[in-house]
Amino acid sequence: MAGEASFEQPLVQLRTKIEETKKFSAAQKVDMSDMISKLEQEYTTIEQSIYENLKPSEKMQLARHAQRPTTLEYIAEIFTDFIELHGDRSYGDDLAIVGGIAKLNGLPVTVVGHQKGKDTKDNIARNFGMPHPEGFRKALRLMQQADKFSRPIITFIDTPGAFPGSAAEERGQGEAIARNLREMASFGVPIICIVIGEGGSGGALALGVGNRVLMLEHSIYSVSSPEAAASILWKDATQAHRAAEAMRITSKDMLELGVVDQIIVEPLGGSHRDTTLQAQFMKDAIISNLKEMLPMTPHQLKMDRCAKFRRIGQFMMIGSPNDNAVSSSTTNAKLQQNGLKVN
Amino acid sequence: MTVFDQLFPRKKVYINIPAERRTPTVKPIASVEESLDEVVQSPKELPNNLIYKCPRCTKQYFTKEFEKNEKVCPACNFHGRLNAIERIQITLDEGTFEEYQADMVSVDPLNFPGYKEKYAKHQLNTGFRDAIITGQGEITGNPVIIAAMSFEFFGGSMGSVVGEKIAYAIEQAIHSKHPLIIFSTSGGARMEESILSLMQMAKTSALLSQLAEERGLFISVLTDPTLGGVSASFAMLGDVNIAEPGAIVGFTGRRVIEQTIRQKLPDNFQTSEFNLKHGQLDMVVHRQELKSVLGNLLDMHRVTPSVVEGF
């Protein structure tokens, strides 16, 4: 195994110890099976406790793991007959976003996702999964096509964010993201979005306006990368771990805040340990969610999606003239607007 | 009565914004704004506040003269920043404004370290409850739904309150069939509300898709600066996108881009003129002509049967 995160070091050490004991036992022809099984047991216990109690900053490491499966790997596992389609028809083909048509248990669907590279060369071609406007416009073109041919849309979200470059600005990065948000809200087909790694800022959300938003257990979703947040908040990007703790970026947080609808469990140690098993979990979740939505009319699907996002947000009205605007924020929400969520 | 209640009468009546609110007092620049000021121009005011020195041409004026000129430098046409009240004041016909959801404040949903204190500080320093004021009024006799942001409040950042007020304003535009005008100025999403801030982008844009379906007119006016999550949602989605001269409009701020590409960017990068050249805007309009341009646009979209009959 390679690419262990720092919090996985106890496991690495223990694994080395087990291997050494095994070697020693074989070389010296001594029966040490008792000790080995004890160590194996200890390994399993430690492993479980580590992955169940990951801190947000540790999840961030897992979500960015170099071997974490990417969109194309999941597409190969979950769908059949994938036909990749290219280009935004106005500027170019952004390899940081991939998409096309595929079959899910025989049903044609449109699949779109951010694509990170698997090695340095690939990562440079894919721009580390950070799209330019033409990437978002390619995604929009494919989704509009799905809407036209009544195909459900499945998106995979995995990006540090939209690319922060001058060419991206010249071609309208903000407008490209904004238009995706507005148009995704208007489609009359089921949309399922799955955060598979890093859900970073507007670049992630540009593929994220779905009827159902699902999230892999150890993936993260945030308003900006923890590094960028730390540099905005404390002018120090090295405080990223601190920002990660404060910002609530884990799948559990997203479920609590009503941002995602369902968490898809990961194999022990993260999805890179068993891509096929992970893909099976995802396929099951996609199918069960899709089955619920297929009977809905285009209008219902659209309204369902708009209503889902309309509800997100927490605020309050100041109740009486004596209320202090700030101290009362922790008390209660006396006057809430219709259908607004207030904690 | 608290100071807020004096500023924002609770009753929904047609109000005049008191004259003294048009002149904001000098206040310490908060940390959020400091970081943003590195990428955007900011008017420098002398401590005594009597003299205004234009940050572009460095000419000095009496502050009163500058304010009388709607905060535009009489010599070089530099456009200073307006807050929400100043903006509504110069845009709407006098006495026509009726505010929506004046009592709405943030609840610190994530219990974010330091947010409550910072929020209170901004409220005290600016007299605003959050970074936006929404409502309805008239422009040259045309009824409109209006929203105006204040950069001086928390860097104009969008959290749940801004998102909700925009969403509500769009709904009013849908129901009333009146045009919607949003004056944006923002550093982007509010970090302290994290993912909920991000989701306000989807919320406001989703409602704009409904407004578009109802064929409602939306004019977006981008003022200095409009960045990040606000430019990547409602601000860039106008049927007509207008910006004030010299306003910085973009997704990623200049400093971050310079760090990423390790190059110095040209001085005009992300200005309205730059964005106009790159096809992101319909027009750049001087502040003193803005009201009449808006009035003409509104008039253009009010085609009654009598207009057709008279053709």
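Here, each number is a calculation from the coordinates, and none is a lab measurement. As the structure is a prediction and not an experimental result, all values here were calculated from the model. Cβ: placed from backbone, ideal geometry, glycine included. Neighbour counts: every protein chain shown.
From the P(r) of region B:81-310, can you give the percent of Cα pairs sitting at distances over 27 Å?
Working: 8431 of 26335 pairs.
Across region B:81-310, Cα pairs with separations above 27 Å total 32 percent.
Here residue B:277 and residue A:12 are evaluated by their C-beta separation; at R0 = 45 Å the FRET efficiency comes out at 0.25.
Net charge dipole, region B:81-310: roughly 780 debye, given to the nearest 20, about the Cα centre with Cβ charges of +1 for Lys and Arg and -1 for Asp and Glu. Above 38 Å, the calculated P(r) of chain A contains 24 percent of its Cα-Cα pairs. Under 10 Å, Cα contacts only: if you run a Gaussian network model on chain A, which one of A:80, A:45, A:250 comes out with the highest mean-square fluctuation? Looking only at A:80, A:45, A:250, the largest GNM fluctuation is found for A:45. Tally Lys/Arg at +1 and Asp/Glu at -1 over every other residue whose Cβ is under 14 Å from the Cβ of residue B:303; what's the total? Every neighbour counted, the sum reads +1.
Taking only alpha carbon atoms, region A:92-224 gives an Rg to Rh ratio of 0.95, where Rh is the Kirkwood radius. Springs join every pair of Cα atoms under 10 Å in this Gaussian network model of chain A, and among A:204, A:285, A:228 the largest mean-square fluctuation is at A:228.
First measure r as the distance between the Cβ atoms of residue B:64 and residue B:286, then evaluate 1/(1 + (r/R0)^6) with R0 = 25 Å and state the FRET efficiency to the nearest 0.05. Intermediate values should be presented prior to the final figure.
Details: r = 21 Å, r/R0 = 0.84.
Given R0 = 25 Å and the Cβ-Cβ separation, E is 0.75.
Length available on full extension from residue B:308 to residue B:177: 0.36 nm per residue minus the Cα-Cα distance, which gives 45.2 nm.
The residue among A:57, B:79, A:92 whose Cα reaches farthest toward the positive pole of the charge dipole of the protein assembly as shown, with charges on the beta-carbon of Lys, Arg, Asp and Glu, is B:79.
With 20 Å bins beginning at zero, the pair-distance distribution over Cα atoms of the protein assembly as shown amounts to 19, 50, 25, 5, 1, 0 %. Region A:53-120 and region B:90-146 have Cα centres separated by 41 Å.
In region A:150-309, taking the dipole from charged Cβ atoms about the Cα centre, the farthest positive-side position among A:250, A:306, A:197 is held by A:306. Taking 7 Å steps out from each Cα toward its Cβ at residue A:55 and residue A:90 produces label points 4.5 nm apart.
Across region B:299-311, computed HN-Hα scalar couplings (Karplus, 6.51 cos²θ - 1.76 cosθ + 1.60, θ = phi - 60°) run 4, 4, 9, 10, 9, 8, x, 5, 5, 5, 4, x, 5 Hz from first to last residue, x flagging Gly and Pro. Once backbone amide H atoms are built at 1.01 Å from N, residue A:97 has A:115 as its partners under 5 Å, excluding neighbours fewer than 5 places away on the same chain.
Under a point-charge model restricted to the Cβ atoms of Lys and Arg (+1) and Asp and Glu (-1), what is the dipole moment magnitude of the protein assembly as shown relative to its Cα centre, in debye to the nearest 20?
Details: 71 positive and 78 negative charges, 87 e Å.
So the magnitude is around 420 debye.
Beyond 23 Å in Cα-Cα separation lie the following of the pairs A:22/A:55; B:118/B:165; A:59/A:138; A:235/B:116; A:59/A:116: A:22/A:55; A:59/A:138.
For residue A:156, the residues 5 or more places off, or on other chains, whose built amide H falls under 5 Å of its own are A:112, A:113, A:114, A:194. Distances between placed amide hydrogens fall under 5 Å for residue B:78 paired with B:73, all partners being 5 or more residues away or on another chain.
Taking the Cβ of each residue in A:74, A:51 as the centre, tally the other Cβ atoms inside 10 Å and list the residues starting with the fewest.
Working: A:74 24, A:51 21.
Arranged by neighbour count, lowest to highest, A:74, A:51 become A:51, A:74.
Note on residue B:53: lysines with a C-alpha under 16 Å away, same-chain residues under 8 apart excluded, are B:44, B:64, B:68, B:71.
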